[in-house]
1. Test LEU157 against the stated conditions and say whether it is within 15 Å of ligand 2 (Cβ to nearest atom) and either in contact with a Ser or Thr (Cβ under 8 Å, 6 or more places away or on another chain) or over 24 Å from ILE240 (Cα atoms) (or both).
2. Identify the residue in region 254-277 that is under 16 Å from TYR83 (Cβ atoms) and surrounded by 16 or more Cβ atoms within 10 Å (Cβ to Cβ) and, among all such residues, is farthest from the chain's Cα centre (by Cα).
3. Please enumerate the residues belonging to region 175-227 that are assigned to a strand (DSSP E or B), of a type in the set (A, V, I, L, M) and more than 16 Å from ligand 1 (Cβ to nearest atom).
4. Looking only at residues that are touching a His at 6+ places or on another chain (Cβ under 6 Å) and of a type outside the set (A, V, I, L, M, F, W, C) in region 18-66, which one is farthest from ligand 2 (Cβ to nearest atom)?
5. Residues in region 219-233: is at least one surrounded by 17 or more Cβ atoms within 10 Å (Cβ to Cβ), among the aliphatic types (A, V, I, L, M), modelled with pLDDT of 95 or more and under 27 Å from LEU11 (Cα atoms)?
6. Restricting the search to region 128-139, which residues are touching a residue at least 60 places away in the same chain (Cβ under 8 Å), closer than 13 Å to LEU157 by Cα and outside any loop (DSSP other than H, G, I, E, B)?
7. Can you tell me which of ALA91, ALA66, ALA119 is closer than 20 Å to LEU42 by Cβ and part of a helix (DSSP H, G or I)?
8. Among the listed residues GLU143, GLU138, GLU104, GLU147, identify the single one that is farther than 23 Å from GLU243 by Cβ and buried (at least 16 other Cβ atoms within 10 Å of the Cβ).
Amino acid sequence: MTVKQLQEEILNLKNQNDVIILAHYYQPIEIQEIADYVGDSLGLSRTAKEKASTEYIIFAGVDFMAETASIINQDKHVLIPNYESCCPMAAFLTPEMVREFKREYPGLPVVVYVNSTAAVKAESDICCTSANAVKIVENISQEFNVEAVLFGPDANLADYAEQFSNIETIKMPDKGHCYVHSQITVDDIKTVREKYPKAKLLVHPECIRIVRELADYVGSTARMYNYAKESSPEVNEFIIGTEIGLLERMAQDFPDKNFYLAKNKLVCYNMKKHNLELIRYLLENLNDKAFEVKVPSEIAKRAIKPIEKMLNFS
Ligand code: 13P
Ligand code: SF4
């Protein structure tokens, strides 16, 4: 069976069932093509909250994204095609560590990146994504009337938020990072810039500061997408400093523009654990509990507050 045939089968099954498919920009392109909505973490959380009126939500993204959708849709069934798709960054921060930081810095608000476990979110005052981190840090520090916040688990996003909010972010922990973005070096950028001197460099806030400072634009995946979309026709070359899935999507949607990866192998292997066969299986077995994402209710009850606070702020 060809990819096209499999996609058609999936679309037919989807139309026969009360289901919506949400996908992140890092998903394999053939999954993005059959999704009802493709977006960044913020857009996916918003869509899960405001637009997902179906009984079933198939979530093609890593576990924390599906967990977030499940927490804000407790009356629905959120299914993940491969439950081994997880974000390793989340493992940098445990709820015990957050409690320890809170003891050490009493009175400071806790900002938790959505790339975290539900149990860590439950310990926080507010969540953030890469699209709203600066705004969230500004708002929550004003609300608490403080000049510093606790921020985890991504130390690079924390640094980015600190740089643009002028509020100190105490990193929980110092070294939390994403293996995809933190591998991009200044030398990589020099090499790719030499090759494509006219191209604009767009990078994700999860990149290290010295790389971010070389970029023409720093933003979430959806913001990078919109930057390329809204750029004038003469600006038609872009170097992309994030996971390859976004580049594939942009190359497909903007055929008059050229996209180059900041370095080879910018692949999030965790995001790539889903495939079309698994999605078809889910559509044929919507009640297979093995694929349903459920957060224990006592954690969900606490985690929903910082998630909703973030959605109300941004
Ligand atoms: P975005 O929210 O920018 O899509 O980022 C999610 C992510 O996992 C980045 O690595
Ligand atoms: Fe996690 Fe990095 Fe993959 Fe994003 S790209 S899901 S932060 S491992």
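The values are calculated or read from the model by the stated rules, or taken from the named source; none is laboratory data. These figures come from a predicted structure and were not determined experimentally. As a convention, Cβ positions derive from the backbone with ideal geometry for all residues, glycine included, and neighbour counts pool all protein chains shown.
1. So LEU157 passes the test.
2. ASN275
3. LEU201
4. Restricting to residues being touching a His at 6+ places or on another chain (Cβ under 6 Å) and of a type outside the set (A, V, I, L, M, F, W, C), the top hit is TYR56.
5. Looking for residues that are surrounded by 17 or more Cβ atoms within 10 Å (Cβ to Cβ), among the aliphatic types (A, V, I, L, M), modelled with pLDDT of 95 or more and under 27 Å from LEU11 (Cα atoms), one finds at least one in region 219-233, hence yes.
6. CYS128, ALA133, LYS135, ILE136
7. ALA66
8. GLU138
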